[in-house]
Amino acid sequence: MKDTMTTPLITDSHCHLDFPDFDGELPDVIARARDMGVHRMVTICTKLRLEPQVRALSEVHPQVFYAAGTHPMSSADEPMTSVEELVTLSKHPKMVGIGETGLDYHYTADSKDVQQESLRIHIEAARQTKLPLIIHARAADEDMARILSEEHQAGAYSCVMHCFSSGRALAEAALDLGFYLSMSGIAAFPKSQDLRDIFALAPLERVLVETDSPYLAPPPHRGKRNEPGYTAHTAKIGADVFGVDYSEFAKATEANFERLFWKAATTKVAA
């Protein structure tokens, strides 16, 4: 086991520990993450009917927090949530974010009107609860920027653009609103220099790291199942992008996480 007293601590701000990829292995997955300095993780509920299962994971594992919402790709197939439902769910001490929500026109453009309705409901819940909104955006940059801006003008809220891999214009729009960009394993792919250049334009104090596991494993695990511990590989790339050493990047992203996910910051995870 690594000496975790000297390994800089980081947080996987977005993973999916309830997915069947981790069945029967979660204690080992969490232990491996801790060995790599990933001492805390936020698992994301993408369909609200599954919220009890995701919540239960957070109750069993001290290192695990959770967020809940309806993924845009499921918004046409799942019951439309309400602000009241999300606000009620948010009262659980380990629910620390609203979402993931957003827009995805890559595969599901035919449901864009429903996606936009769902997104605005999630935004209002984030506004009321003061919890950060967790955004999934794919092939919808223009509508995404427009809706985030319109809603922010109607009343401020906090937000992270999870697994950010969109264009520079959406990155700039999000940063101008005071939002955060989250770096996933995509940023570590050899052919992702354009994306790394976009992150390099962001202030370091607005960057988070994540896995989106079980998807998008960074090198040297690309093509295999991703898991929270691999956040460390992406964070090493992040340190290179910002021209700082790993410990400084880890310290910065930890501070960023605790600023945005303030509710998780009030619960201390055992070393």
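Name the residue, out of 42, 64, 60, 38, that is surrounded by fewer than 18 Cβ atoms within 10 Å (Cβ to Cβ) and over 24 Å from residue 114 (Cβ atoms).
After applying the criteria, what remains is 60.
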Select from region 202-222 the residues that are part of a loop (DSSP other than H, G, I, E, B) and among the charged types (D, E, K, R) and write down the one among them that is surrounded by the fewest Cβ atoms within 10 Å (Cβ to Cβ). 222
Checked region 223-271 for anything at pLDDT 95 or above and either touching a Cys at 6+ places or on another chain (Cβ under 6 Å) or part of a loop (DSSP other than H, G, I, E, B) (or both); matches are 224, 225, 226, 227, 228, 243, 244, 245, 261
Answer yes or no as to whether residue 18 is over 22 Å from residue 108 (Cα atoms), assigned to a loop (DSSP other than H, G, I, E, B) and of a type in the set (Asp, Glu). yes
From the set of residues in region 16-35 that are in contact with a Pro (Cβ under 6 Å, 6 or more places away or on another chain) and over 19 Å from residue 249 (Cβ atoms), which is least open to solvent (accessible area, probe 1.4 Å)? 19
Picking from 210, 172, the residue that is under 12 Å from residue 11 (Cα atoms) and not aliphatic (A, V, I, L, M) would be 210
Looking at residue 196, is it among the basic types (Lys, Arg), assigned to a loop (DSSP other than H, G, I, E, B) and at negative phi? no
Residue within region 102-112 that is closer than 18 Å to residue 18 by Cβ, under 18 Å from the mean Cα position of the chain (by Cα), buried (at least 20 other Cβ atoms within 10 Å of the Cβ) and modelled with pLDDT of 95 or more present: no
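The values are calculated or read from the model by the stated rules, or taken from the named source; none is laboratory data. Treat the numbers as computed from the prediction; the structure is a model and nothing was measured. Cβ sites come from the backbone with ideal geometry, for glycine too, and all protein chains shown count toward neighbours. These accessible areas exclude ligands, DNA and RNA; they are computed on the full protein's heavy atoms, side chains included. Shrake-Rupley method; radii C 1.70, N 1.55, O 1.52, S 1.80 Å.
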